[in-house]
Amino acid sequence: MTAPVTAVVLAGGEGQRLRPLTDKVPKPLLRIGRTTILDRVLESLARSDIADVCIAVNYKADMIEEHVGDGAALGLRVRYLREDEPLYTAGCLSLLPDVPTGPVVVTNSDQVTNLDYAQMVAFHQAQGAAVTIGAFDYAIDVPYGVLDVNDGVVQGIEEKPTLRVPCNGGIYVLDPDVLGLVPPRTYFGMDELVRTVMGGGRRVSVFPIETWIDIGTPDELDRALRLFVTGEEL
């Protein structure tokens, strides 16, 4: 029998870059189109048949708990990891009441994406990875001619190229034993956890995310809002 997947949704941040909007409403409860950012994440988990969900809360936690409740309306079983003080992106994992027996999906609650969590979990298991990171391509337009140089000799030149680099999308799948590497109730980041896993010689894989919008700045919020003006789904 396949062990069930547990999801941890990170919803404790203050959203400082989106103030004054987040002075009264926590960032996960900002509306994008028909519903909130957090509800979109929870709906995606439900579509992937991931029913066991823990939401890490700190800033305006009462508002989030009142809005989501026990998750039954979405067919989920929602519990809350209440941070007395911010524990960052991995520290809250030490608050899980029980060590899951199956894969753990960890996802931020401040992005809009078309990611299929079930596909990412299946990829993670097929790779035999300890950690899988969801990654999106970020394009950088270089306004100059880029030289290919080897030992002081130019091998080629590319005029004003667009470079594409894979970037961390803030969505992960972890093997449950990785949770033991998280120090208890300590401010600890997922980047630190990934480096610890790699330092132990274990596999860290990458899963591509096609559409990903970070709702971290007013410009990105406007971009997401424009996306849903004429069409509701990604």
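Taken together, the values in this text are just the output of simple stated rules run on the coordinates, not laboratory data. Nothing here was measured: the structure is a model prediction, and the numbers come from that model. Cβ placement follows ideal geometry from the backbone for every residue including glycine, while neighbour counts extend to all protein chains displayed.
Things worth noting here:
- The gain in end-to-end length when the residue 94 to residue 43 segment is fully stretched comes to 15.9 nm, 0.36 nm per residue minus the alpha carbon separation.
- Anisotropy class of the chain from Cα gyration tensor, a/c 1.5 cut: oblate
- Cut-off 13 Å (backbone N to label point 7 Å along Cα→Cβ of residue 177), residues of segment 183-226: 200-203
- Residue order, fewest to most surrounding Cβ atoms within 10 angstrom, among 19, 226: 226, 19
- Over the chain, DSSP H runs of length four or greater, each weighted -39,500 (n - 2.57), average out per residue to a 222 nm ellipticity of -7500 deg cm²/dmol.
- Efficiency of FRET between residue 155 and residue 204 - r from beta-carbon atoms, R0 41 angstrom, step 0.05: 0.80
- Relative packing of peptides 147-159, 120-132 - highest average C-beta neighbours within 10 Å first: 120-132, 147-159
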